[in-house]
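To keep things clear, I will list the structure first and then write my remarks on it.
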Amino acid sequence: MSKQVPSVSLSNGYKIPSIGYGTYLALKGKGVELVKKAIDAGYRHIDTAFLYENEHEIGQAIREKIAEGVIRREDVFVTTKLWNTFHDPAHVEEAFRRSYNSLDIGYIDLFLIHSPMGQQFAGYEIEDMQPKDSAGSMLLSDVDYVDTWKAMEKLVSSGWVRSIGLSNFNSEQIERILAVATIKPVNNQIEVNPGYDQRRLIEFCRERGITVTAYGPMGRPHRTTYGNRSALDDPKVREIGQKYGKTNGQVILRYLIDLGTIPIPYSTNDERIRQNIDVFDFKLTDDEIQFMTSFHSERTIQFLPLKGHKYYPFNAEF
């Protein structure tokens, strides 16, 4: 029996399940099996991107589960993303169409700009996604993400995508979008984990009716340099978990939900796939939430090769 996952309302009236299955690391040949397992475990929110090279497999898994009668199309919420090399408005529709065709599930629920930073267009093949010059430096593009957004808005009227949003955008960049948007972004997908809780950006988004999806929810489990503590193996987190009959990972996910985010954990382990969605029968106390904020960590995903980009988002305060 799969778990019933509550949903969060988007500003346009659609609903997004409050936890999802992330597929960033779902390598070729594994995506179909993993997504089918996730659906069987109760996940109804699947997150992917053009860059991940697994849209085709994710679409296949969803179609097979629909054919089996496990889900209907309207039961599952699918997010994918516009990669950096497609920011020029001339490429937005074609890039979207490729994701749409790869997934082949009738419509896409949410389409995000993967980051505010454009890179030079080199083609639509995977080897074209990280264009470099002869010295090995990234070839950047200074296309304004505001123009990209205007092209994204045109996709909504096609009926092929229901909602559009952002990823890795800071507060100043979101304000620039909101100043011109005829369709408001419904979501900003950002890194959030214990020690990197992004509370100010989450609150900023909440005040503007923008939901926040939390990627990298466990942080970097095996990296404890600079005196960092990992919440995944912290004895106090274990103690909190024991109180509720939960693992450290489940406590972390509950913390992120209590912060007001929609976490998208990834796992290939059957038991953890099941555990990660089993987080809706308990809630952390204020003191426990406060403890979870005591971890200190650096950002895991820093887009370092793009640090010189004029729209690099991580120099702003939040």
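The values are calculated or read from the model by the stated rules, or taken from the named source; none is laboratory data. Only a predicted model underlies this, so the values are computations on that prediction, with no experimental measurement involved. As a convention, Cβ positions derive from the backbone with ideal geometry for all residues, glycine included, and neighbour counts pool all protein chains shown. These accessible areas exclude ligands, DNA and RNA; they are computed on the full protein's heavy atoms, side chains included. Shrake-Rupley method; radii C 1.70, N 1.55, O 1.52, S 1.80 Å.
Which value, in debye to the nearest 20, gives the size of the charge dipole of region 57-174 about its Cα centre, when Lys and Arg are +1 and Asp and Glu are -1 at the Cβ? Working shown, then result.
Numbers: 11 positive and 19 negative charges, 74 e Å.
Roughly 360 debye for region 57-174.
Placing +1 at every Lys and Arg Cβ and -1 at every Asp and Glu Cβ, with all other atoms neutral, what dipole size does region 108-168 have around its Cα centre, in debye to the nearest 20?
On the way: 4 positive and 9 negative charges, 48 e Å.
Its charge dipole is roughly 220 debye.
If you put +1 on each Lys and Arg Cβ and -1 on each Asp and Glu Cβ, how big is the dipole of the chain around its Cα centre, in Debye rounded to 20?
On the way: 38 positive and 42 negative charges, 106 e Å.
So the magnitude is around 500 debye.
Along the Cα-to-C-beta direction of E172, a point sits 7 Å from the Cα; which residues of region 285-304 have their amide N less than 12 Å from that point?
none
How much of the accessible area of region 155-309, in percent, comes from carbon and sulfur atoms when a 1.4 Å probe is used? All intermediate terms of the calculation are to be shown ahead of the outcome.
Working: 3380 of 6870 Å².
Within region 155-309, the accessible surface is 49 percent carbon and sulfur.
Given 0.36 nm per residue, what is the gain on full extension from L304 to R200 after removing their alpha carbon distance, in nm?
Working: separation 104, 0.36 × 104 = 37.44 nm, distance 2.29 nm.
The span from L304 to R200 would gain 35.2 nm if fully extended.
In terms of modelled amide H atoms, which long-range or inter-chain residues lie less than 5 Å from the amide H of I164?
It is F111, V186, by chain and number.
For the chain, modelled as a Gaussian network with Cα springs under 10 Å, which listed residue fluctuates most, G123, G241, G136?
Looking only at G123, G241, G136, the biggest GNM fluctuation is shown by G136.
Percentage of Cα-Cα pair distances in region 231-270 greater than 16 Å, rounded to whole percent?
Details: 288 of 780 pairs.
Looking at region 231-270, the distances longer than 16 Å represent 37 percent of pairs.
Run the numbers for I126 and E74: contour at 0.36 nm per residue of separation, minus the present Cα-Cα distance, in nm.
Values: separation 52, 0.36 × 52 = 18.72 nm, distance 2.99 nm.
So the chain would gain 15.7 nm between I126 and E74.
So how far apart, in nm, are the two label points at S9 and W160 if each is 7 Å from Cα heading toward Cβ?
So the label points at S9 and W160 sit 3.1 nm apart.
When the C-alpha atoms of the chain are aligned to their principal axes, what extent does each axis show, in angstrom, from largest down?
Cα extents, longest axis first: 55, 48, 38 Å.
With springs only between Cα atoms under 10 Å, which of S158, S11, S99 fluctuates most in a Gaussian network model of the chain?
Fluctuation is largest for S158.
Hey, any idea what % of region 5-55's accessible area is carbon plus sulfur with a 1.4 Å probe? Spell out each step's value before the answer.
On the way: 1100 of 2000 Å².
Reported share for carbon and sulfur atoms: 55 percent.
Could you give the semi-axes, largest first, of the ellipsoid that matches region 84-190, computed as the square roots of 5 times the alpha carbon gyration tensor eigenvalues and rounded to whole Å? The partial results should precede the final answer.
Details: eigenvalues 101, 68, 24 Å².
Value: 23, 18, 11 Å, ordered largest first.
Using the structure shown, select from K81/K310; K15/K283; K28/K310; K37/K246; K30/K132 the pairs with a Cα to Cα distance greater than 24 angstrom. Display every interim value, and only then the final one.
Details: K81/K310 21 Å; K15/K283 22 Å; K28/K310 33 Å; K37/K246 21 Å; K30/K132 29 Å.
In this structure, K28/K310; K30/K132 lie more than 24 Å apart at Cα.
Out of R254, R162, R44, any idea which swings most in a Gaussian network model of the chain, alpha carbons joined below 10 Å?
R162
Kindly provide log₁₀ I(q)/I(0) values, in the same order as q = 0.12, 0.16 Å⁻¹, from the Debye equation applied to equal alpha-carbon scatterers of region 165-287.
Here log10 of I(q) over I(0) equals -0.49, -0.80.
Residue separation times 0.36 nm, minus the C-alpha to C-alpha distance between D147 and T293: what's the value?
Working: separation 146, 0.36 × 146 = 52.56 nm, distance 3.68 nm.
My answer for the length gained is 48.9 nm.
With a 1.4 Å probe and all protein chains left in place, how much accessible area per residue does the chain have, in Å²? If you can, show how the numbers build up before the last one.
Numbers: 13940 Å² over 318 residues.
Averaged over the residues of the chain, the accessible area is 44 Å².
If you scale each eigenvalue of the Cα gyration tensor by 5 and take the root, what three semi-axes come out for region 50-104, rounded to whole angstrom and sorted largest first? Walk me through the numbers before you get to the answer.
On the way: eigenvalues 132, 20, 14 Å².
With the √(5λ) rule applied to region 50-104, the semi-axes are 26, 10, 8 Å.
For region 253-318, state the average projected area of the convex hull of the C-alpha atoms over all orientations, rounded to one decimal in nm². List each step's numbers first, then the result.
Values: hull surface 26.3 nm².
Value for region 253-318: 6.6 nm².
If the viscosity is 1.306 mPa s and the temperature 10 °C, what Stokes-Einstein diffusion coefficient in µm²/s follows for region 1-58 when Rh is the Kirkwood radius over Cα pairs?
Values: Rh = 12.2 Å.
Here the translational diffusion coefficient equals 130 µm²/s.
Using a simple spin-label model with points 7 Å from Cα along the Cα→Cβ vector, what separation in nm is obtained for L27 and A90?
Inter-label distance under the simple model: 3.7 nm.
Tell me the label-point distance for the pair A135, V180, using the 7 Å Cα-to-Cβ offset, in nm and rounded to one decimal.
Here the answer is 3.1 nm between the modelled labels.
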